[in-house]
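Notes follow the structure.
The values are calculated or read from the model by the stated rules, or taken from the named source; none is laboratory data. All values derive from a computational prediction rather than experimental measurement. Counting neighbours? That spans all protein chains shown, and the Cβs are built from the backbone with ideal geometry, glycine included. With ligands, DNA and RNA removed, areas are computed over all heavy atoms of the protein, side chains included. Shrake-Rupley method; radii C 1.70, N 1.55, O 1.52, S 1.80 Å.
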Amino acid sequence: MLEKLDDSARPSRAPHRRVGVSFEFFPPKTAEMEASLWEAIGRLAPLEPSFVSVTYGAGGSTRERTHSTVSRIVRETAIKPAAHLTCVAATREEIDSVVRAYWDAGVRHIVALRGDPTSGIGSAYEARPSGYATSTDLVHGIRRFGDFEVSVSAYPEKHPESASFDADIDALKAKIDAGATRAITQLFFENDVYFRYLDRVRKAGVNIPILPGIVPVQNFKQTAGFARKTGATVFAYHVSDPEQWLAERFEGLDDEPSTRRLIAAAVAAEQALDLMDRGVTDFHFYTMNRADLVYATCHLLGVRAKVGAGT
Ligand code: FAD
């Protein structure tokens with residue numbers, strides 16, 4: 001027999017709040033990848049994201065491509081772009097000239113990161129003597145240069161190199177003291193991880209927005225393989241062991257793309273709606289340069305395309 005449900009205990013799923021979204025892209029390597037990136041931007045732009053960000057390849061390997069992608073967004077769309085920038089393998093002068101080029105191109109938002117060690121994740125990070133030593137230094141440098149909006153990273157499971165959560169949160173506070181006004185988290189699949197982190201940082205006196213970084217995953221195998229190939233984006237996020245429950249959801253579906261897509265949509269919907277039910281109003285999506293799943297998830301969050309907007 002069905003019991004009567006207590007409706008008052010159920011969160012309202014009506015999209016009653018203003019939900020803000022932002023999207024991350026990576027710079028394309030080939031003409032084909034460029035075409036699919038622009039198709040994705042064209043599809044997502046009418047959702048009027050607060051900003052879209054473009055990653056910077058490991059060791060600065062995509063410096064030109066990041067710049068040309070961001071500049072094209074400025075020239076051809078009404079969306080505000082944010083350019084990722086790292087301290088790795090460059091002198092201060094070189095980084096400052098990248099910052100200047102962004103300013104000249106009309107870009108006013110930078111996602112400032114330290115970057116990974118050139119000898120690979122897991123090895124010790126060695127700052128170049130003539131370069132910016134930490135992300136905090138980089139934030140200082142950018143803010144000294146001009147009136148940029150600066151976003152930084154945040155690690156709900158702490159950065160692997162941080163000795164403790166307290167040390168990690170102190171590092172975040174240093175970035176904020178240097179002028180960062182927004183943090184974007186490393187991707188996570190367990191929402192509790194994000195909320196526990198939020199609790200810690202708020203208790204530590206951090207008041208800036210901490211956008212949850214969400215990656216709609218089609219299946220783990222594909223995402224990991226793709227990440228390795230791009231070499232520029234996801235690998236850098238130190239995705240910890242995928243949750244077993246998530247791996248199980250995609251288990252046995254390697255040769256069933258249509259079911260996999262349905263599951264992927266369900267998983268993304270579940271995560272995003274739970275975040276919304278628990279009070280999150282701003283979401284950052286790692287798009288992997290594909291629009292469909294992100295678009296559908298935004299739709300569930302109540303975000304609707306405005307005709308003629310964004311492009
Ligand atoms: P940081 O905040 O610099 O922290 C790294 C370590 O340094 C931590 O252990 C921290 O405790 C310590 N630390 C920080 N500040 C100080 C300080 N002032 N003094 C002493 N220690 C300090 N990588 C790329 O190559 N390109 C990208 O485009 C890119 N985009 C990213 C976007 C997001 C949202 C995230 C979460 C990560 C991104 N990364 C990117 C990955 C990032 O570069 C790596 O995770 C890198 O190892 C750390 O850089 P960070 O700025 O994220 O961390």
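Of the GluC sites (Glu not before Pro) in the range 64-166, the ones in a loop by DSSP (not H, G, I, E or B) with at most 14 other beta carbons within 10 Å are Glu126. Across Asp277, Asp254, Asp292, mean-square fluctuation computed from a Gaussian network of the chain (C-alpha pairs under 10 Å connected) peaks at Asp254.
Largest first, the three principal axis extents of the alpha carbons in the range 34-132 are 43, 29, 22 Å in whole numbers.
Multiply the residue gap between Asp282 and Ser68 by 0.36 nm, knock off their C-alpha separation, and tell me the result in nm, one decimal place. Write down the numbers at each step before the final one.
Numbers: separation 214, 0.36 × 214 = 77.04 nm, distance 2.73 nm.
Once the chain is fully extended between Asp282 and Ser68, it gains 74.3 nm.
Please calculate how many Å² of accessible area the range 78-144 carries per residue, with a 1.4 Å probe and no DNA, RNA or ligand atoms counted.
Per residue, the range 78-144 has 45 Å² of solvent-accessible surface.
Amide hydrogen proximity for Asp282: with H placed 1.01 Å from N in the peptide plane, the residues at 5 or more positions away or on another chain lying under 5 Å are Gly20.
Using only the Cα atoms of the range 252-311, build the gyration tensor, take square roots of its eigenvalues as a ≥ b ≥ c, and label the shape rounded, prolate or oblate: rounded if a/c is under 1.5, else prolate if a/b is larger than b/c, else oblate.
On the way: a/c = 2.41, a/b = 1.36, b/c = 1.78.
It is oblate, given that a/c is not under 1.5 and a/b is not larger than b/c.
For helix 135-145, report the angle its Cα long axis makes with the longest principal axis of the Cα atoms of the chain; keep it between 0 and 90° and round to the nearest 10°. With rounding to tens, the tilt is 70 degrees.
Explain nothing, just the number: relative contact order of the chain, from Cα pairs under 8 Å at least 6 residues apart, as a whole percent. Rounded, it is 25 percent for the chain. Per atom type, the range 56-155 shows carbon and sulfur on 48% of its accessible surface, probed at 1.4 Å. How large, in Å, is the range 101-156 by the Kirkwood hydrodynamic radius built from its alpha-carbon pairs? Kirkwood radius, the range 101-156: 12.6 Å. Computed over the chain, the per-residue total of -39500 (n - 2.57) for DSSP H runs of n ≥ 4 gives a 222 nm mean residue ellipticity of -12500 deg cm²/dmol, rounded to 500.
Once the Cα atoms are used to define both axes, helix 220-230 deviates from the longest principal axis of the chain by about 20 degrees. Annotation: average projected area of the range 22-70 is 3.3 square nanometres, based on the convex hull of Cα atoms across all directions. Comparing Leu113, Leu246, Leu37 in a Gaussian network model of the chain (Cα springs below 10 Å), the most mobile by mean-square fluctuation is Leu246.
Across all Cα pairs in the chain, the calculated P(r) in 20 Å bins from zero up to the longest distance comes to 32, 60, 8, 0 percent per bin. Look at where the Cα atoms of the range 242-309 and of the range 31-55 average out, and the two centres are 17 Å apart.
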